[in-house]
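Here the structure is laid out as structure tokens; the discussion comes afterwards.
The values are calculated or read from the model by the stated rules, or taken from the named source; none is laboratory data. These figures come from a predicted structure and were not determined experimentally. We place every Cβ from the backbone using ideal geometry, glycine too, and count neighbours over all the protein chains shown.
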Amino acid sequence: MFESLIVCAKIVVFPQGQCEEGPFDVVIERGLIAAIDRCKGECGNDKLTCHYLTPGFIDIHNHGMGGADDVTEFWCNPDFTRSRLIQYGTTSFLASVVFPNHPLGEKEDKILKILESHVGLIDGNGAVLEGIHSEGPIITDLGAMPQSYNDMTSDEFEQLLDKMPHLKVMTISPHAEASHNYNRIKCLLRREVVPALGHDKQATEEEILTALSLSKSQQLHLTHLFNVCSFHHRSPGLVNFGLLDELPNLSKYRGIKTPTVEIIGDLAHVDPMAVSLLLKARHFKNIAFITDCVLEGIPGKTVKYGSKQIQVSPSGRTLSIAGTNTLAGSCGTLLGAFHSLIHIFRVPLGDAVAMLSENPARIAKISHTGLIEVGKRADLLLFDTQLNLSRTIVSGKVLFQTN
């Protein structure tokens, strides 16, 4: 059952990061934002009240928070992750999947069928799964990922995509694509799936430019900037392209759109100085913060990740391959990234919110949420004066609140 609610907020973050002082009444009917009006007087007791009201956060790179003994099986139980995300302000997400086996086995087929059946599910039990992010299989450098099969023919690739009708974003390496005439990136574009260049330390400038040139109407995307990609002052890699809003005025760059970028916000995968560099280099509209979450942050907890064993760090912020210092994923949250943006990087509130809601929604072509706007799904976060999360609303229903 949908609830009718009125949220009265003193400050609201509107589209494009615009913060306006009210107070405002945001009227919710049948799960949607029905009206936004200035209050006449103070917020009454018949309304939910807050100091700051923002859109819900959207995580477009999340491997799950648990629910199985192997990370590659987390999505057999998506409700486990859905139920936990809301306490961290995430109201929508993409399920990130990997494909260590070729051809797909029964497990991978089962996972994809389960995920596809959960896309768009609004049942009052958690965040909304908006679609799939496929991290690979066409990748050059694994990082901490399990084995990947990057030599798929175009036909095999098409067959894989057929199993994911709700695929929104796919991480794909330009270096691996160069030997296949970029046919698989072309296939993604035909299907209106966003190619996210990444997991590639080998890609040359020419290979990256060729990949970027394939899309005339939209920006491509870069997967977790700074991680498993390269920067060089004479031989540009993916990081070089990720740090620019505009390319130099040289003939080889003409007509090339610079990609949007995502960055892991746990301050461990990327040092705060590098995060600060990105925030200074790019306009906030081109940046999305992600978690790359692989597990809840329970210090010392271990799980399998394909053939590898990974373990949560003593801080509870990251995971590493057991017995090594190789980072294998994050235990971070978007709420944690939000507080870092505000308190550590001193980013304006509206810009910070946009990098966690509006921008990821636009990048992943999620059009029905991510903004406080009439007609959008009522996925909202209520904060107090100190920016502590007090309530999470998904489709007009309060699913999380502090005591």
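Counting only strands (runs of 3 or more DSSP E) that fall entirely inside the range 1-74 and contain at least 3 residues that are crowded, with 19+ Cβ neighbours inside 10 Å, the qualifying elements are 5-14, 18-29, 48-55, 57-62.
Go through the range 298-343 and give me each residue that's in a helix (DSSP H, G or I) and not aliphatic (A, V, I, L, M). Scanning the range 298-343 gives G336, F338, H339, S340, H343.
Considering only residues in the range 184-213 that are surrounded by fewer than 16 Cβ atoms within 10 Å (Cβ to Cβ) and under 21 Å from the mean Cα position of the chain (by Cα), the one that is farthest from P360 (Cα to Cα) turns out to be R191. For the range 82-122, the set of residues classified as at pLDDT below 95 and in a loop (DSSP other than H, G, I, E, B) consists of V98, F99, P100, N101, H102, P103, L104, G105, listed by residue number. If you take the residues of the range 155-183 that are crowded, with 18+ Cβ neighbours inside 10 Å and not hydrophobic (A, V, I, L, M, F, W, C), which of them is farthest from D292 (Cα to Cα)? The selected residue is Y182.
Taking the numbered list (1) in contact (Cβ under 8 Å) with a residue 60 or more places away in the chain; (2) buried (at least 19 other Cβ atoms within 10 Å of the Cβ); (3) under 23 Å from P137 (Cβ atoms) in turn, F93 passes all entries but (1).
Might you check whether a residue that is farther than 27 Å from A322 by Cβ and not charged (D, E, K, R) occurs anywhere in the range 68-82? Scanning the range 68-82, I find no residue that is farther than 27 Å from A322 by Cβ and not charged (D, E, K, R), so the answer is no.
With respect to M152, determine if the residue is in a loop (DSSP other than H, G, I, E, B), crowded, with 18+ Cβ neighbours inside 10 Å and either without any contact (Cβ under 8 Å) to a residue 60 or more places away in the chain or among the basic types (K, R) (or both). For M152, the condition - in a loop (DSSP other than H, G, I, E, B), crowded, with 18+ Cβ neighbours inside 10 Å and either without any contact (Cβ under 8 Å) to a residue 60 or more places away in the chain or among the basic types (K, R) (or both) - is met.
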